[in-house]
Amino acid sequence: MSSLSYPPRQQQLHRLVQKLGVSETALVQWTLVDLALIHPSFSAEGNYEQLEFIGDAVLRVLVAEFLFETYPELSVGEFAAIRSILVSDRTLAQLAEGYRLDHYLLMSESALADQTGKQSRLADAFEALVGALYLSTHTLALIRPWLDSHLQRLTTEIRTDPARKNYKAALQEWTQAHFKSLPEYRVQETGQIHGDAHRFTAEVWFQEKCLGQGTGRSIKLAEQAAAQFAFLAIREQASAHSREQS
């Protein structure tokens, strides 16, 4: 039996769609929306995996269309770089958290306890929800009216961020450009709890000097945090030097 058969679930999904800002709710296929918010751990037969596949493709087209319409002056390379960030798990999970999708997502207790997989779950559910809304009309009519404002805000942030959210790459480009050499990362596991936001501590070293430190729930995130600290510090020092010279 579909979870949509239960009145509380119906009311819950209606509230979510209203929160998104979808005005034409009569066009929504509620069985698809329900399916989009069922994790594979809850049901092996009926879950969001196929809708996630659809939603992933829809989002890539939608973001490309948005960038083409809103920023026609950008190059194809810039389109691709910005789109890769906008459709990344990190960005989609942030959007999902804003709508508290985890409160609507049906999953097993074991999956719920897995904090390391939370970002991936939220991103997958967001893609599946987009897929469900797309298949409701086979157009972007139920998606763009509420998603465009998020894309506008995020694109503005990305374009004003010199590192384009990838501080490791930005720092590496800086050290290579100025010294023809790469920074070194030293990572320690400082916590034993899976999902702990400070489980790993990373330091980034260059020319025998520690440029920054950061923590994260994974080695990758800890290194990014350290690189961010270092890159922003270097940029601030460069700006201060420029002001002194002027």
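All of the numbers you see were taken from the coordinates with simple rules; none came from a lab. Source: prediction; values computed, not measured. All Cβ positions, glycine included, derive from the backbone under ideal geometry; neighbour counts span all protein chains shown.
With contacts taken as Cα pairs under 8 Å at a separation of at least 6 residues, the chain carries a relative contact order of 17 percent.
What number, rounded to the nearest 500 deg cm²/dmol, is the helix-based mean residue ellipticity at 222 nm of the chain, given -39500 (n - 2.57) per DSSP H run of at least four residues and division by all its residues? Intermediate values should be presented prior to the final figure.
Numbers: 10 runs with 145 residues, N = 246.
Helix contribution divided over all residues of the chain: -19000 deg cm²/dmol.
Shown is the FRET efficiency for THR31 and VAL76, computed with R0 = 45 Å from the Cβ-Cβ distance and rounded to the nearest 0.05: 0.70.
Relative to a virtual label point 7 Å from the Cα of ILE219 in the Cα→beta-carbon direction, which members of the range 171-194 show backbone nitrogen distances below 12 Å? Within reach of a label on ILE219: 185-189.
Ranking of SER239, SER41, SER218 by neighbouring Cβ atoms within 10 Å, starting from the fewest: SER239, SER218, SER41. On the principal axes of its alpha carbon atoms, the range 163-246 extends 50, 23, 22 Å, with the longest extent given first. Restriction of the trypsin sites (Lys or Arg not before Pro) in the range 166-234 to DSSP coil positions whose beta-carbon has at most 11 other beta-carbons within 10 angstrom yields LYS180.
For the range 143-208, the list of GluC sites (Glu not before Pro) that fall in a loop by DSSP and count at most 16 other C-beta atoms within 10 angstrom reads GLU208. For the chain, set up a Gaussian network in which alpha carbons nearer than 10 Å are linked by springs, and say which option among ALA177, ALA80, ALA222 fluctuates the most. Residue with maximal mean-square fluctuation among ALA177, ALA80, ALA222: ALA177. Measuring between their Cα centroids, the range 14-71 and the range 131-199 lie 21 Å from each other.
According to the Kirkwood relation over distinct C-alpha pairs, the hydrodynamic radius of the range 3-159 is 15.9 Å.
Listed by number, the DSSP H helices of the chain that run 18 Å or longer by alpha-carbon position along their axis and have mean Kyte hydropathy of at least 0.0 are 49-70, 118-137.
Loop-located trypsin sites (Lys or Arg not before Pro) across the range 92-130 with a Cβ neighbour count of 14 or fewer within 10 Å are ARG100, with loop assigned by DSSP.
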